[in-house]
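For reference, the structure is listed below as structure tokens.
The values are calculated or read from the model by the stated rules, or taken from the named source; none is laboratory data. What you see is a predicted model; the values in this text were computed from it and never measured. Counting neighbours? That spans all protein chains shown, and the Cβs are built from the backbone with ideal geometry, glycine included.
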Amino acid sequence: MNNSPAIANDPNVPNFSNAEPIDSEHPHPGAGHEKSCGAVIVKNGAVLLVSQQNGLTGFPKGHVEPGETEFETALREVQEETGLSIILAPATRHSFGYYIPRLNVEKEVVLFLAQLNPSSAALHKQESEIAGAAWVPFAEVETQLNFPEWRKAWRNIYQLYLQK
């Protein structure tokens with residue numbers, strides 16, 4: 001995975017290192033709101049992780065477009081970022097949020113557990129947004145995620161749906 005310090009220190013790229021969980025008891029007045037949806041794609045005991053151009057490593061996801069459902073956004077964003085066609089498990093919806101002080105934005109991320117559609121094309125990353133993509137064994141996923149909220153989300157999803 002690409003966790004380039006040059007990208008992480010680029011002043012034109014958002015810095016998420018000081019992001020913090022959203023606390024409903026202590027809202028951030030005047031903060032903007034963003035929502036992204038994506039998927040934790042599972043294949044043969046591994047999960048697809050993507051490294052974004054901004055240096056963050058996580059699961060493929062992206063912003064909800066007007067009139068789009070969470071489900072539709074997750075399917076579209078995974079296809080755009082990875083070229084993969086997936087099958088989502090709607091009952092596995094997992095949501096978490098965090099506040100990004102530098103951008104003054106409260107961000108909600110919704111993830112669904114997914115598997116590859118048997119007719120899916122090969123992995124092909126979207127060059128403009130994705131620096132790298134790799135299938136990572138379950139046991140190594142947490143060490144590859146470089147943002148605390150992603151690690152918490154992975155632990156929850158793993159415990160709820162993947163732990164045998």
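Considered as a group, the residues in the range 32-86 that are more than 21 Å from Val141 (Cα to Cα) and in a strand (DSSP E or B) include one that is modelled with the lowest pLDDT, and that residue is Gly32. Scanning the range 113-131 finds no residues that are in contact (Cβ under 8 Å) with a residue 40 or more places away in the chain, surrounded by fewer than 16 Cβ atoms within 10 Å (Cβ to Cβ), of a type outside the set (Ser, Thr, Tyr) and touching a Phe, Trp or Tyr at 6+ places or on another chain (Cβ under 7 Å). Mind checking whether some residue in the range 8-24 is part of a helix (DSSP H, G or I) and at pLDDT below 60? Yes, there is a match, as at least one residue in the range 8-24 is part of a helix (DSSP H, G or I) and at pLDDT below 60. Asn156 meets the conditions (1) outside any loop (DSSP other than H, G, I, E, B); (2) among the polar types (S, T, N, Q); (3) buried (at least 16 other Cβ atoms within 10 Å of the Cβ) in every case but one. The failed one is (3). Criterion applied to Val110, Val64 was being crowded, with 16+ Cβ neighbours inside 10 Å and either over 20 Å from Lys35 (Cβ atoms) or touching a Gly at 6+ places or on another chain (Cβ under 9 Å) (or both), and the one residue passing it is Val110.
Within the set of pairs 6 or more residues apart or between chains, which connect a residue that is under 13 Å from Val50 (Cα atoms) inside the range 70-96 to a residue that is crowded, with 16+ Cβ neighbours inside 10 Å and hydroxyl-bearing (Ser, Thr, Tyr) with Cβ atoms less than 8 Å apart? From residues that are under 13 Å from Val50 (Cα atoms), the pairs are Glu77/Ser36; Leu84/Ser120.
The single residue among Val141, Val136, Val109 that is in a strand (DSSP E or B), within 15 Å of the chain's Cα centre (by Cα), of a type outside the set (Asp, Glu) and closer than 16 Å to Val42 by Cα turns out to be Val136. Scan the range 86-107 for residues that are within 28 Å of Pro29 (Cβ to Cβ) and buried (at least 17 other Cβ atoms within 10 Å of the Cβ) and report the count. Final tally of qualifying residues: 6.
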